[in-house]
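Engineer: Pasting in a structure now, in structure tokens, and then I'll have a few things to ask.
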Amino acid sequence: MRPADRLFRIIQLMRSTGRAMTAAEIAERMEVAPRTIYRDMQHLVASGAPIDGERGVGYLLREDFDAPPMTFTFEQLEALAFGLRAVHMLGDARLGQAAREAFDKVAERLPPDHRDRLRQAPIRAFRSSVMEPPALLEPVRKAIAERLLLSIRYRDGEGEETVRTVRPLGLCVFGQVWLLAAWCELRQSFRDFRIDRIASLSTPGERFETGPGCSFDDYLAAS
């Protein structure tokens, strides 16, 4: 990690905790030796950062500090570039458009060198020639966002069809497969449904509450 990136991360860490931190605590989070943090603190204080404290006691970032907005490390910029490009390639048309707009919006607010780094990040996501987003991905996303019950006609791997009423909780991608994570009203438990095997769907207009034990977080914990 570049020293400049580490200094920025130290400020962000202290800002997020809102309390005094020892050099040992900061060093553990930054994965460096405490002596490196002592040098970094000297540099930050000399540069005018409003940090109170001293070696052996701890350091506190004063509340009046206001970091410049939209500042990222180069690794964070690469992560943003890859994530947004992957959404653009893997998502449906509206999700892809949203990713492009978000990419441009972030780029516009960055300093010139960071903007160039974001746009020129040497990391890409590509869609296979046989991989297209499922046709029903967009209405499923909308049902998840609005917490609308879904009535789906589903074909399993053997081609057998069933009709289910489900609470759509979230989406997962495994390779070329999009899965709908849902709470099945028939089975009263979590179920996964491949979106490309959903023959049709409708929304009765009824909203649902996730409740304890049947939320997307609960699904992930049980997976």
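Engineer: For segment 3-61, divide the Cα radius of gyration by the Kirkwood radius and give the resulting Rg/Rh value with two decimals. List each step's numbers first, then the result.
Structural biologist: Numbers: Rg = 9.9 Å, Rh = 11.0 Å.
Checking Rg against Rh, the ratio lands at 0.89.
Engineer: Follow-up. Considering the Cα positions of segment 5-162, please state its Rg to one decimal place and its Dmax as a whole number of Å.
Structural biologist: Cα-based Rg and Dmax for segment 5-162 come out at 22.8, 70 Å.
Engineer: Rounded to the nearest 0.05, what FRET efficiency do Ser47 and Arg109 give with R0 = 25 Å and r taken as the Cβ-Cβ distance? Could you check? Mind showing how you got there, number by number?
Structural biologist: Values: r = 23 Å, r/R0 = 0.93.
With R0 = 25 Å, the Cβ-Cβ based efficiency is 0.60.
Engineer: Next question. Give me Ile123, Ile152, Ile11 sorted ascending by neighbouring Cβ count inside 10 Å, so fewest comes first. Don't jump to the answer; show the numbers that get you there.
Structural biologist: Numbers: Ile123 11, Ile152 24, Ile11 18.
Fewest-to-most Cβ neighbours within 10 Å comes out as Ile123, Ile11, Ile152.
Engineer: Between Lys142 and Ala79, what is the label-point separation in nm under the 7 Å Cα-to-beta-carbon projection?
Structural biologist: The two pseudo-label positions are separated by 3.3 nm.
Engineer: Per residue of segment 207-222, what does 6.51 cos²θ - 1.76 cosθ + 1.60 with θ = phi - 60° give for ³J(HN,Hα)? Whole Hz please, x for Gly and Pro, Karplus curve as stated.
Structural biologist: 8, 10, 10, 5, x, x, x, 9, 9, 5, 4, 5, 4, 4, 5, 8
Engineer: How far apart, in nm, are the 7 Å Cα→Cβ label points at Ser215 and Ala125?
Structural biologist: Rounded to a tenth, the inter-label distance reads 2.5 nm.
Engineer: Amide H to amide H, which residues 5 or more places from Leu169 or on other chains are under 5 Å from it, using H placed in the peptide plane?
Structural biologist: Ala181, Ala182, Trp183
Engineer: If you average the sequence gap of Cα pairs under 8 Å that are 6 or more apart and divide by the length of the chain, what percent do you get for the contact order? Can you show the working numbers first?
Structural biologist: Working: 292 pairs, mean separation 27.9, N = 223.
Reported as a whole number, the value is 13 percent.
Engineer: Let me ask another. For Ala222 and Glu158, FRET efficiency with R0 = 30 Å and r from the beta-carbon atoms, rounded to 0.05? Working shown, then result.
Structural biologist: Values: r = 25 Å, r/R0 = 0.84.
Here the calculated transfer efficiency is 0.75.
Engineer: I would also like to ask the following. How much FRET efficiency would the formula 1/(1 + (r/R0)^6) give for Leu13 and Leu171, where r is the Cβ-Cβ distance and R0 is 45 Å, rounded to 0.05?
Structural biologist: Details: r = 31 Å, r/R0 = 0.70.
So, using R0 = 45 Å, E works out to roughly 0.90.
Engineer: Here's a follow-up. Between Arg187 and Arg29, what is 0.36 nm times their sequence separation minus the Cα-Cα distance? Round to one decimal in nm. Numbers along the way, then the final one.
Structural biologist: Values: separation 158, 0.36 × 158 = 56.88 nm, distance 4.39 nm.
Extending this stretch completely gives an extra 52.5 nm.
Read the figures in this text as sums done on the coordinates, not as results from a lab. These numbers come from a predicted model, not from an experiment. Note that we place each Cβ from the backbone using ideal geometry, even for glycine, and neighbour counts take in every protein chain shown.
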